[in-house]
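Just so it is clear, none of the values below were taken in a lab; they were calculated from the coordinates. Being a predicted model, the structure only gives us computed values, none of them experimental. For neighbour counting, all protein chains shown are included, and Cβ atoms are generated from backbone atoms with ideal geometry for every residue, glycine included.
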Amino acid sequence: MSRVRRLSVRMVFVALSGLAAACSSGSEKKKTTSTKAAPAITDHVLTRRGGAFNHQWAMNTLWEDGLAEVATYAAERVVYGETRTFEYTIITVKEEFNAQYNVKTDDYQRKDVFPVMKVNEFCAIPTENYPYHYLTSLFFRRDQPTMLHKMTTSSQEWCGNTFKAITDEGLHYNQSYNSYWDSQGAGRRQLRREALFEDALPYVLRTMRFERKPSFTVPIYELQQTTQAKVPELYKALVITEDAQPNDTAEPAWRVTVSLQEQKQNVYWFAKRYPNLLLRQTTWDGRTLLLKQVRRYAYWPKPSPPTDTTAAGGRPQA
């Protein structure tokens, strides 16, 4: 990034952060004066209709074909102080949930079924000691692409495994966790609602109204696809949208800069044509993605036809 662009980003970051702080202090003051009624939904950048995000983005008939979008990336991430290269897969697909179990339903005749968009993020990272495996599953109600409905994320490596789950409880997010790290262990905590998660940005940001080149501040929780379950840091991030340079990507793209802090900047490139696929990503901590391939197909196994489970004589086969 040029010196002029860095100065511009810094000036906008300071200005919008100050404005957000002023609005935040006012809302907190209002909250302390009324403790009886539950807080109402405010005019927030994530929920504002007709604002920076297109809340009908996932309603496109593309997602009705019964197939999943499977995008494979050439990826890098720093592990043990060295840059590791591997493949990263992001799967995006429409599913039907039921409210009772809050998972994909097997019975589509239920009365409590509702549509969600599932985003799976998977990778296996080799190192000279042992491999790291990560799988993060994010779910969004189909007509609410900015508000996380549910997230689970887990890591497995030779030192142990860690699992974290986040669910929308209406007034806040509830996070439960189980970690092998000392001083963490197992527990629960509440997290702020009307905030983004860094893990969700490859999906949430692609639902923006790019042609308006929106710039705004928004709370973002730090990456949860890690081996630890510490209290997540909440950034007051600045998002800036602009046209990407022609040589940045293989096709016309939008460039979205997310400044978590002044020295922590992530950059995402999204295709200009729908469905605005993530083409490239760089982050302040050395995580990179570069699209290699995208396919639409049913990656899940199809049910096998019934087979005779008995051998001659009527005895079950081993």
How large is ³J(HN,Hα), in whole Hz, for each residue of the range 140-157 in order, when computed from phi with the Karplus curve 6.51 cos²θ - 1.76 cosθ + 1.60 and θ = phi - 60°, using x for Gly and Pro?
-> 10, 4, 4, 9, 9, x, 9, 9, 4, 8, 6, 8, 10, 8, 9, 10, 9, 7
Report the label-to-label distance for GLN293 and THR47 in nanometres (one decimal), using points 7 Å from each Cα along the Cα→Cβ vector.
-> 4.3
Loop-located GluC sites (Glu not before Pro) in the range 210-259 whose Cβ has at most 13 other Cβ within 10 Å (DSSP) | GLU233
Going by how many other beta carbons lie within 10 Å of each one, how would you line up THR288, THR283, fewest first?
-> THR288, THR283
Simple spin-label model, 7 Å along Cα-to-Cβ: ASN178 to ASP112 in nm?
-> 2.3
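Quote to one decimal, in nm, the extra length available between SER215 and TYR80 on full extension: 0.36 nm per residue of separation minus the C-alpha distance between them.
45.1 nm is the gain from fully extending SER215 to TYR80.
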Which entries in LYS164/LYS292; LYS104/LYS264; LYS111/LYS292; LYS150/LYS272; LYS164/LYS213; LYS118/LYS230 show an alpha-carbon gap greater than 32 Å?
-> LYS104/LYS264; LYS111/LYS292; LYS164/LYS213
Give me the distance in nm between label points sitting 7 Å out from Cα along the Cα-to-Cβ direction at GLU251 and LEU67, one decimal.
-> 1.4
Relative packing of 88-99, 187-198, which averages over residues the other C-beta atoms within 10 Å, highest first | 88-99, 187-198
Amide H to amide H under 5 Å from ALA253: which residues, 5+ apart in sequence or cross-chain, H placed 1.01 Å off N in plane?
-> ALA244, LYS272
